[in-house]
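Structure first, then comments.
The values are calculated or read from the model by the stated rules, or taken from the named source; none is laboratory data. No experiment lies behind these values; they were computed from the predicted model shown. Please note: Cβ atoms are built from the backbone with ideal geometry, for glycine as well, and neighbour counts cover all protein chains shown. Each accessible area value is taken on the protein alone, full model and side chains, heavy atoms only, with ligands, DNA and RNA left out. Shrake-Rupley method; radii C 1.70, N 1.55, O 1.52, S 1.80 Å.
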Amino acid sequence: MATTGGYLPEGQPGNADITDLGDDVFQIDTKMAGYQGITAGYLIRSSRPCLVETGTSTSAPVVRAALAALGIAAADLATVVVTHIHLDHAGGVGDIASMFPSAGVVVHEKGARHLADPSRLMASARMVYGDALDVLFGELSPVPAARLRALEDVGVIDLGDGRRLESYYSPGHAKHHVGLLDSAGGDLYVGDAAGVYIPETGDLRPATPPPDFDLDVALASIGKFASLGPSRLLFSHYGPVSDVAGTLERSAEEISVWVSETRAARSAGMDLDHAVEAVRAKTLSRYATFADDADPAVTEKFDRISGAAANVGGIWHWLDKLDQPAG
């Protein structure tokens, strides 16, 4: 089983944690920024092997080593699919495409042009993260346009021998987000649309960053996931969850709580910085990860991948748009 928690030195691409989840699905710890258990990639080792999520650019050597350990040579990988183009999920897609030259790259149509030409995406990320971008994510390399396949709102990815991934448009977290349902075992790859799951504590926290968060759209996407009747949810952050109904209900509840608390902070006249601290304080008791006796490494990890500043900032941006006059 994969281990979690703690920081690992950089430059150890052979030290990949791989977990066999059954049905020829393997979870790969991409070791984002050297941490364990932040971002998962998933190999479906079917007759047409498929990698779901690449992790960051700096994670590409780790992912390549894991695929090699699973028997996937450079010419073997048929498909790479990303749930959306945020750099923790798709930052390594150009590097992986170069390492596996036979693989097609699949993404929702709203994200495809940014993978072909990442310059605007990287410039925007640089404005947000500054020099920390290089440590956290690295540089997204372009994918040759001829190797890209753009999904519409519903699509199918052939895994061979009748097995397929069915793609379902699921915005709210990001306008280029899809969920992916495996026809073999019923696994649903939820990306960030259902939030961030912390396996060490069982906590679930929303992922509502700017600029695309929309409450109604996000809740509709969670409802769509429930209607698909998956057997298991596979979180990019992080790992499998079998309590599908309860987890999706909690996901909708968490988003609603954060929106309610952010609205309350705005109504009290707070600016964004004070609202972030107020919402953080109001929600801390919901998560065992932030208890006094919690593992500090897990606490740091949780705050890195679902920080209050990003979550409140995304909700704030959405509320700003609602406040704008129509027309």
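Past 24 Å, Cα to Cα: identify those pairs from Lys110/Lys301; Lys110/Lys224; Lys110/Lys282; Lys175/Lys224, in the order given.
Lys110/Lys301; Lys110/Lys282, as the Cα separations exceed 24 Å there.
Which angle between 0 and 90 degrees, to the nearest 10, do you get for helix 215-227 versus the longest principal axis of the chain when only C-alpha atoms count?
50 degrees
State the antiparallel share, in %, of DSSP beta bridges confined to the chain, rounding to the nearest 5.
Roughly 70 percent of the DSSP beta bridges within the chain come out antiparallel.
Over segment 36-114, what percent of the accessible surface lies on carbon and sulfur atoms, probe 1.4 Å?
Ligands and nucleic acids excluded, carbon and sulfur reach 49 percent.
Per residue, how much accessible area does the chain show when a 1.4 Å probe rolls over the protein heavy atoms, in square angstrom?
40 Å²
How high is the relative contact order of the chain, given as a whole-number percent (alpha carbon pairs under 8 Å, six or more residues apart)?
For the chain, the relative contact order is 13 percent.
To the nearest 20 debye, what is the magnitude of the charge dipole of segment 217-327 about its Cα centre, counting +1 on the Cβ of each Lys and Arg and -1 on the Cβ of each Asp and Glu?
It works out to roughly 400 debye.
Counting other Cβ atoms within 10 Å of each Cβ, which GluC sites (Glu not before Pro) in segment 64-156 have at most 11 and sit in a DSSP loop?
Glu152
Taking H as built 1.01 Å from N, whose amide H comes closer than 5 Å to the amide H of Thr39, not counting residues under 5 places away?
For Thr39, the qualifying residues are Thr30, Lys31, Met32.
Can you give me the distance in nm between label points at Ala145 and Ser124, each placed 7 Å from the Cα along the Cα-to-Cβ direction?
Here the answer is 2.0 nm between the modelled labels.
Which aspartates and glutamates, if any, have their Cα less than 18 Å from the Cα of Lys321, not counting same-chain residues under 8 positions apart?
Qualifying aspartates and glutamates at Cα under 18 Å: Asp212, Asp214, Asp216, Glu261, Asp271.
How many angstrom separate the Cα center of segment 51-112 from the Cα center of segment 119-176?
Answer, in whole Å: 10.
For the pair Asp153/Ala69, report the inter-label distance in nm, with labels modelled 7 Å from Cα in the Cβ direction.
4.1 nm
Mind checking the angle between helix 244-267 and the chain's longest principal axis? C-alpha axes, 0 to 90 degrees, to the nearest 10.
Helix 244-267 sits roughly 40 degrees off the main axis of the chain.
Taking only the C-alpha atoms, wrap a convex hull around segment 199-327 and report its volume per residue in Å³ as a whole number.
Dividing the Cα hull volume of segment 199-327 by its residue count gives 112 Å³.
Nearest 5 percent is fine: what portion of the DSSP beta bridges confined to segment 165-238 is antiparallel?
70 percent
Would you mind telling me the antiparallel percentage of the DSSP bridges in segment 27-127, rounded to 5?
Around 50 percent antiparallel, to the nearest 5.
Among Gly185, Gly41, Gly307, which one shows the highest mean-square fluctuation when the chain is modelled as a Gaussian network with alpha-carbon springs under 10 Å?
Of Gly185, Gly41, Gly307, the most mobile in the Gaussian network model is Gly185.
Shape call for segment 163-234 from the C-alpha gyration tensor, a ≥ b ≥ c root eigenvalues: rounded (a/c under 1.5), prolate (a/b greater than b/c) or oblate?
Oblate shape, in that a/c is at least 1.5 and b/c is the bigger or equal ratio.
Per DSSP helix of 4 or more residues, -39500 (n - 2.57); summed, then divided by the residues of the chain. What does that give at 222 nm, rounded to the nearest 500?
-11000 deg cm²/dmol
Working from Cα positions, state the angle (0 to 90°, nearest 10) between the long axis of helix 60-69 and the longest principal axis of the chain.
50 degrees
May I ask you to derive the relative contact order of segment 168-222, considering only C-alpha pairs under 8 Å and at least 6 residues apart, and to give it as an integer percent?
Relative contact order for segment 168-222 comes out at 41 percent.
Go ahead and set up a Gaussian network model of the chain, Cα springs under 10 Å, then flag whichever of Met122, Met270, Met32 fluctuates most.
Met270
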